[in-house]
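The values are calculated or read from the model by the stated rules, or taken from the named source; none is laboratory data. Just so we're clear, the structure is a prediction, and the values are computed from it rather than from any experiment. For neighbour counting, all protein chains shown are included, and Cβ atoms are generated from backbone atoms with ideal geometry for every residue, glycine included.
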Amino acid sequence: MNAASEPASAEQRGRPRSERARVAVLTAAADLMLVGGFEHLTVEGIAAAAGVGKQTVYRWWGSKAEVVVEAIAEKYLDVPIGGPVDTGDLRADLRAWLLEIRDRVEEGDTSRLVQAIMSALAAAGETAEAIDEALIQPIMTGLDARFHAHDRAHPRSLPAPPSFLAETVGANLLLHVMFGRPLDEERIGRLLDLVAPAAP
């Protein structure tokens, strides 16, 4: 890799941005994500679609993951992640949802994007708040709604208040994502035994 294609240093990325170029890059990244997903996204592709040089992208972002994180935070890219679909079977719904999230998180190159998102959340500031609003809150709201729907349909059948159970599932999912803890069938089964025990 030659000097022109090397990611810029933090000092270089500190240069004032051209707002037009910034918007073009974020828009291009969002459009390309919708077409091919993160795994097929490249800095070269983003730059070409935005009509800027690759060095312009690297001047302000250290990687394609950082571009996508900002695109999400700035609402150029909507990430359609919510809670479980309600089929009437809470345990089955939670299991299917957890497996889907696990597979998406662990899917090849996507893990780099997840790491970048987690880094943004760990840092204080507007980006962390925006990522929380765009990604974490919809998940927690969806989980809470699913547990409350079950509670309305089957009063007093849950082992704890619906909101507490939703937070338990959400916290376990975040532990898996943030620290790479395994979310295999056995762990999912133990979690479901806690929050949605099978009928005797």
Just to be sure I understand, how many residues within the range 22-42 are modelled with pLDDT under 95 and touching a Ser or Thr at 6+ places or on another chain (Cβ under 8 Å)?
3
Expected single match for over 21 Å from the mean Cα position of the chain (by Cα), outside any loop (DSSP other than H, G, I, E, B) and surrounded by fewer than 17 Cβ atoms within 10 Å (Cβ to Cβ) among 151, 193 is 193
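Would you check which residues across the range 57-92 are part of a loop (DSSP other than H, G, I, E, B) and among the acidic types (Asp, Glu) and list them?
74, 78, 86, 89
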Please verify whether residue 96 is in the same structural domain as residue 150 (by TED's automatic domain parsing) and at pLDDT 90 or above, treating the condition exactly as stated.
yes
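Okay, residues lined up against (1) more than 23 Å from the chain's Cα centre (by Cα); (2) among the β-branched types (Val, Ile, Thr):
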{"residue": "46", "(1), (2)": "no, yes"}
{"residue": "51", "(1), (2)": "yes, no"}
{"residue": "54", "(1), (2)": "yes, no"}
{"residue": "65", "(1), (2)": "no, no"}
So, residue 129, is that one under 21 Å from residue 69 (Cβ atoms) and either assigned to a helix (DSSP H, G or I) or touching a Lys or Arg at 6+ places or on another chain (Cβ under 7 Å) (or both) or not?
yes
Kindly indicate which of 170, 189 is outside the structural domain of residue 64 (by TED's automatic domain parsing) and within 21 Å of residue 79 (Cα to Cα).
170
Restricting attention to the range 28-56, which residues are part of a helix (DSSP H, G or I), under 16 Å from residue 112 (Cβ atoms) and among the β-branched types (Val, Ile, Thr)?
43, 46
Would you mind finding the one in 128, 145, 124 that is small (Gly, Ala, Ser), modelled with pLDDT under 90 and surrounded by 12 or more Cβ atoms within 10 Å (Cβ to Cβ)?
128
